[in-house]
Amino acid sequence: MNLQSLALALLLIVAPAHSALLDDVKARVSVKDTLRGEFRQEKRIANLAKPLLASGQFVYLKQQGLLWQIEKPYASDSIITADTLIQSVNGKIIVRVDAKSQPAYSAVSRIFMALVAGDWAALEADFVITGYVDAQRWQLTLKPKAGLFASFAKTLTLTGASALQQIDIAEKNGDSTHYTLSQVRPAGALSAAEENQFLRQ
């Protein structure tokens, strides 16, 4: 998974985020300590005619991290926490990144986890947020203030209703990544395979 690509009253004009706007979004979103759902990723690269597609499932546990399982076009499992990224294929670990040895990872993981969890306070620390809420949905546009994301990303746009549904990342080089999240619900009981993945930390 590409960490770079790898994420909120009735306001019909774009205005700087303030407590009222984020309070409206929080009122719409039922944030849980555990979530699971499906995702579809569409990566558009400026010099390629067709997008790169991937899809799969995710499980978020507030105390343990995020399990991001790509099923198509190939199988790959990633465990993302504040301290570590572990990526495995067919049960074999192929990538392990620790925040202590690669401090930039800590910033990426923190933002990615905040996006999935709807941690707006954490996102405000790294982004200037504008947006609106109407009767059907809400949308927030995040512009990086500084740091790693500001070096490559122009904006992150989040769209949702009772849950986060879309994440759009526009990069400065013309590339873009679109995530669609669906069937988002409380995680419930983990399967044996999911438990084993979280035990890899």
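The values are calculated or read from the model by the stated rules, or taken from the named source; none is laboratory data. Computed from a predicted model, the values in this text were never measured in an experiment. Neighbour counts run over all protein chains shown; Cβ positions are idealised from the backbone, glycine included. Keep in mind that these areas ignore ligands, DNA and RNA; they rest on the heavy atoms of the full protein, side chains included. Shrake-Rupley method; radii C 1.70, N 1.55, O 1.52, S 1.80 Å.
Accessible area per residue for the chain in Å², computed with a 1.4 Å probe and the full protein assembly in place, what is it? Could the numbers behind the result be given before it?
On the way: 10260 Å² over 201 residues.
Result: 51 Å² of accessible area for each residue.
Determine the calculated [θ] at 222 nm for the chain from helices alone, applying -39500 (n - 2.57) to every DSSP H run no shorter than 4 residues and normalising by the residue count; nearest 500 deg cm²/dmol. Spell out each step's value before the answer.
Numbers: 5 runs with 45 residues, N = 201.
Theoretical 222 nm ellipticity from helices: -6500 deg cm²/dmol.
Report the per residue volume, in Å³, of the convex hull enclosing the C-alpha atoms of the chain. Present the calculation step by step, with values, prior to reporting the outcome.
Numbers: hull volume 25.4 nm³, N = 201.
That works out to 126 Å³ per residue.
In the chain, if the dipole is taken from +1 on Lys/Arg beta carbons and -1 on Asp/Glu beta carbons about the Cα centre, which of Pro186, Ile94, Tyr132 is farthest to the positive end?
So the residue we want is Ile94.
When Lys and Arg each count +1 and Asp and Glu each count -1, what net charge do the other residues less than 11 Å away from Ser78, Cβ to Cβ, add up to?
Numbers: positive: Arg96, Arg200; negative: Asp77.
Spelling it out: positives minus negatives among the neighbours equals +1.
With the cut-off at 22 Å, tell me which of the pairs Lys26/Lys154; Lys43/Lys154; Lys26/Lys143; Lys32/Lys72 have Cα atoms farther apart than that.
Details: Lys26/Lys154 25 Å; Lys43/Lys154 15 Å; Lys26/Lys143 20 Å; Lys32/Lys72 27 Å.
Long pairs (Cα-Cα over 22 Å): Lys26/Lys154; Lys32/Lys72.
Give, in nm to one decimal, the length gained when the segment between Ser151 and Asp23 is fully stretched (0.36 nm per residue of separation minus the Cα-Cα distance). Mind dumping the intermediate values first?
On the way: separation 128, 0.36 × 128 = 46.08 nm, distance 2.94 nm.
Gain on extension, Ser151 to Asp23, equals 43.1 nm.
Charges at C-beta only: +1 for Lys and Arg, -1 for Asp and Glu. How large is the resulting dipole of region 19-79 about its Cα centre, in Debye rounded to 20?
Values: 10 positive and 7 negative charges, 33 e Å.
With Lys and Arg at +1 and Asp and Glu at -1, about 160 debye.
Carbon and sulfur: what percent of region 51-201's accessible surface (1.4 Å probe)? Please list the in-between numbers first.
Working: 3720 of 7190 Å².
C and S fraction of accessible area: 52 percent.
Considering the dipole of the chain built from charges on the beta carbon (Lys and Arg +1, Asp and Glu -1) around the Cα centre, which of Ala114, Pro73, Thr159 is farthest to its positive end?
The listed residue farthest towards the positive side: Pro73.
Calculate the radius of gyration of the Cα atoms of region 132-201 to one decimal place, then report Dmax, the largest Cα-Cα distance, as a whole number, both in Å.
Calculated on Cα positions, Rg and Dmax stand at 16.2, 43 Å.
Let's see if you can work this out: charge +1 on each Lys and Arg Cβ, -1 on each Asp and Glu Cβ, no other charges. What is the dipole magnitude of the chain about its Cα centre, in debye to the nearest 20?
280
Could you size up the charge dipole of region 117-185 around its Cα centre, putting +1 on the beta carbon of Lys and Arg and -1 on that of Asp and Glu, and report it in debye to the nearest 20? Could you put the intermediate results ahead of the total?
Details: 6 positive and 7 negative charges, 9 e Å.
Around 40 debye, computed over region 117-185.
How do 149-157, 104-112 rank on mean C-beta neighbours within 10 Å, highest first? Intermediate results must be reported in sequence, preceding the final value.
Details: 149-157: 17.2, 104-112: 18.8.
Descending mean neighbour count gives 104-112, 149-157.
Sticking with the crude label model, points 7 Å out along Cα→Cβ, report the distance from Glu38 to Ser162 in nm, one decimal please.
Distance between the two pseudo-spin positions: 1.8 nm.
If I model a spin label as a point 7 Å beyond the Cα along the Cα-Cβ vector, how far apart are those points for Gln63 and Lys50 in nm?
A separation of 4.5 nm, rounded to one decimal place.
Using only the alpha carbons of region 118-172, determine the length spanned along each of the three principal axes and report them from longest to shortest in whole angstroms.
34, 22, 15
Please list, in order along region 167-184, the HN-Hα scalar couplings obtained from phi with the Karplus expression 6.51 cos²θ - 1.76 cosθ + 1.60 (θ = phi - 60°), rounded to whole Hz, x for Gly and Pro.
Here the 3J(HN,Hα) series is 10, 10, 10, 9, 9, 5, 8, x, 6, 8, 10, 10, 10, 10, 9, 9, 6, 6 Hz.
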